[in-house]
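**Q** Once you've had a glance at the structure underneath, I'll fire off some questions.
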Amino acid sequence: MVLATFDECGFEAEFIMQPFERHARTYTDRQDFDAIATVPLHWRLPGYSTSAYIWYQNGAFYNHSRVGPIERLTDLAGLDVVTFREGVDVLGISDNVPEFASLTEIADQTIHSRLLFMGRVDAILADGFVVAEVNRRIFNKKRRGESWPSQSDAFRFAPIFNPAPHKMVFRNPAFAAAFDQCFDDLRQSGVIGLINQKYIDKYQNVLRFRYLGR
């Protein structure tokens, strides 16, 4: 959606991908970066904020054949859980950590999925679409003869956290205003909906809910 909005505005950009939170430190420390994407609304970074353009839906991605159903945070009590770097703080679950059998923060989300497939953890706490996409890529590269996951395994996602809106931040206020206008134009013309449909709808059988604030 960011690329489509930039195209609508006539912006040209070079995208540098970095782990969440590190991207904020890089943007803050280096003046040669003109903007930063995927910024939680409550973060205060140098520059000018746009309106929310994307909603991330964190929750529990789990093997329903082994555990569950999981519908709320308390259902994870006694389970082994993995989440992303700084996930405990981002998700606001520091008070719940003692209730888990274990909780590990790992930056590489492909490791999350492999641990879940092999039964080393019971649930992943992360954004549902991100996990579903990582799973798809792992399945596509799966070597012949690998026994995980079992064909009887059924993976599901429970959106146990509130959707988290994210914004862009630009150093130039005119760019921030233009982004908002271009994004709104694309939304009203149906382009944003088509982008969501292309990338998100194929996972609805796992995600089980409407995604990205649609």
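**Q** Just the residues that are at pLDDT 85 or above, among the polar types (S, T, N, Q) and surrounded by fewer than 17 Cβ atoms within 10 Å (Cβ to Cβ), please, taken from the stretch 105-152.
**A** If the condition is that a residue be at pLDDT 85 or above, among the polar types (S, T, N, Q) and surrounded by fewer than 17 Cβ atoms within 10 Å (Cβ to Cβ), then Thr110 is the only one that fits.
**Q** Please note which strands (runs of 3 or more DSSP E) are completely contained in the stretch 1-72 and include at least 3 residues that are under 15 Å from the mean Cα position of the chain (by Cα) and over 24 Å from Pro173 (Cα atoms).
**A** Working: elements: 35-40, 54-56, 58-63.
In the stretch 1-72, the matching strands (runs of 3 or more DSSP E) lie at 58-63.
Yes or no, residue by residue, for (1) open to solvent by less than 60 Å² (accessible area, probe 1.4 Å); (2) within 25 Å of Val130 (Cα to Cα):
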{"site": "Phe11", "(1), (2)": "yes, no"}
{"site": "Ile16", "(1), (2)": "no, yes"}
{"site": "Thr26", "(1), (2)": "yes, yes"}
{"site": "Gln31", "(1), (2)": "no, no"}
{"site": "Ala37", "(1), (2)": "yes, yes"}
{"site": "Trp43", "(1), (2)": "yes, yes"}
{"site": "Gly47", "(1), (2)": "yes, no"}
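**Q** May I ask you to verify whether Val67 is without any contact (Cβ under 8 Å) to a residue 12 or more places away in the chain, open to solvent by less than 60 Å² (accessible area, probe 1.4 Å) and not basic (Lys, Arg)? Spell out the reasoning first.
**A** On the way: without any contact (Cβ under 8 Å) to a residue 12 or more places away in the chain: no; open to solvent by less than 60 Å² (accessible area, probe 1.4 Å): yes; not basic (Lys, Arg): yes.
Taking the combined requirement at face value, the residue does not satisfy it.
**Q** Checking the condition crowded, with 17+ Cβ neighbours inside 10 Å, in contact with a strand residue (DSSP E or B) (Cβ under 6 Å, 6 or more places away or on another chain) and either in contact (Cβ under 8 Å) with a residue 12 or more places away in the chain or β-branched (Val, Ile, Thr) (or both), which residue from Val81, Val90 passes? So that I can check it myself, show each step before the final result.
**A** Details: Val90 fails: in contact with a strand residue (DSSP E or B) (Cβ under 6 Å, 6 or more places away or on another chain).
Every option except Val81 fails the conditions.
The values are calculated or read from the model by the stated rules, or taken from the named source; none is laboratory data. Predicted, not measured: the structure shown is a model, and the values here were computed from it. When we count neighbours, we look across all protein chains shown, and the Cβ atoms used for this are built from the backbone with ideal geometry, even at glycine. In case anyone asks, the SASA skips ligands and DNA or RNA and just uses the protein heavy atoms, side chains included. Shrake-Rupley method; radii C 1.70, N 1.55, O 1.52, S 1.80 Å.
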